[in-house]
Amino acid sequence: VRRGRGKGGGGVASTVVMVRTGARGTWICGAGLAAVAALAAAGGAAADRDVVKGVAASLPVLGASATPVSVSGLSGGGFMAVQYHVAFSAEVAGAGVLAGGPYYCSQASLVMAEGRCMRIPADINVSELVAITKSTFLTTGTIDDPSNLADDRVWVLSAVQDSVVATGVLEKLEDYYSHFITDPSSQIKGVYNQTGEHAFLTLKQGSECTYFGKPFINRCEFDAAGELLQHLFDGSLVVPTGDDDDDGLASGEILTFDQSPFVDEPYTMDMAALNDVGFVYVPNACKNGTAPACQVHVAFHGCEQTVWDIGERFPLETGYNRWAAANDMIVLYPQARRTAVNPKGCWDWWGYTGLDFASKLGVQMQAVHRMVEHLA
């Protein structure tokens, strides 16, 4: 499925069956009558959001720059961004984290994940997590040398009304990074005074600012995507012009791609808790691979923000694309999956896919890393 801006502002698709159920439509890739009938039976449940079901084309090879990469995420996606940053620190130069916490905070325990890592930050022992990080590199080599973090940049946000992840968790995250970063005062930026609930905060897109619930994208007159990207790139990005709610489709396109080639046997997509499809935003300047290599940013959605939960709203409404278009940046939006052991479609930051979840050997970590490498 290729999403682009048509004359009337709608989508342009290739080789799809399309069923209109809302303002932007519902998209089914390679679907037959059974899938169409199922959607019809769902009625209004799919209205006002895009849903991509099925498998699309291969992830394109775009000659992108594999290093440095930057990452960000909300909630479970924030924890995943930190994991990816630490494990692949030789390749990642910075992380933006909304409502996430320190590396290996859960220590492979759902009880710890739901307790200290969300509601009881006083129980987070940062010194212990720092020691685990260093020893993991020294004894197993399954994460990169954490000394790579010294010159990296980190941006964190805890919204004032966040009712899920306590502010202290983000403060512990800052503390964790300060053990590795050379100058925390300039390289780490914490935002703690912004109105908003547990959501990705935007200028104009999403629900009311203090609303709690899907799509977990709230309009708060605050551009979280732009703020974090600008900090990660040390204020060097070009500020996009045009409408604040620009989805980037006038200057690029969102492609859906098959995620299954990035997962090895014996894992199935269900075991890996990865959706069949992922998204990637490609600015026009990055399509041919002939211009200077475009950088890659990986944006991890939060729990209950998968394509099955909110359709295409995460890549369309979070605000990354307008910044990516203005700065020749590719944005990878990998997609997790709801399963019996992961009913909310969270990224694995507590070990439901295996004890290696936070290392370079973790099935989700490997898959995303392979996607980034493939773009290059």
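Here segment 147-196 is assigned +1 on the Cβ of each Lys and Arg and -1 on the Cβ of each Asp and Glu. Its dipole about the Cα centre then comes out at about 100 debye. The stretch between S135 and F212, if pulled fully straight at 0.36 nm per residue, gains 23.8 nm over its current Cα-Cα span.
Rounded to the nearest 10 square angstrom, K204 shows an accessible area of 120 square angstrom against a 1.4 Å probe. Taking a ≥ b ≥ c as the square roots of the eigenvalues of the Cα gyration tensor, segment 207-339 is oblate, since a/c reaches 1.5 or more and a/b is not larger than b/c.
Remark: segment 64-375 carries 34 Å² of accessible area per residue (probe radius 1.4 Å; ligands, DNA and RNA excluded).
Using R₀ = 22 Å, calculate the FRET efficiency as 1/(1 + (r/R₀)^6) where r is the Cβ-Cβ separation of E221 and S163; round to 0.05. Using R0 = 22 Å, I get an efficiency of 0.60.
Between A90 and K287, the simple label model (points 7 Å from Cα in the Cβ direction) yields a spacing of 3.6 nm. Taking the 1.4 Å solvent-accessible surface of segment 201-349 as the whole, the part contributed by carbon and sulfur is 47%. Modelled label positions at D183 and V239, each set 7 Å beyond Cα in the direction of Cβ, lie 2.3 nm from each other. Taking 0.36 nm per residue of sequence separation and removing the Cα-Cα distance, the K360/D270 pair yields an extension gain of 30.4 nm. Working note: Cα atoms of segment 64-375, range along each principal axis, descending, whole Å: 47, 44, 40.
The charge dipole of segment 64-375, taken about the Cα centre with unit charges on the Cβ atoms of Lys, Arg (+1) and Asp, Glu (-1), comes to about 340 debye, rounded to the nearest 20.
Computed with every protein chain present, the accessible area of H374 is close to 70 Å² [probe 1.4 Å].
Annotation: amide H of A336 within the under-5 Å range of N275, sequence separation 5 or more or interchain, hydrogens built in the peptide plane.
The values are calculated or read from the model by the stated rules, or taken from the named source; none is laboratory data. Fair warning: this is a prediction, and the values are worked out from it, not measured in the lab. Backbone-built Cβ (ideal geometry, glycine too); neighbour counts: all protein chains shown. These accessible areas exclude ligands, DNA and RNA; they are computed on the full protein's heavy atoms, side chains included. Shrake-Rupley method; radii C 1.70, N 1.55, O 1.52, S 1.80 Å.
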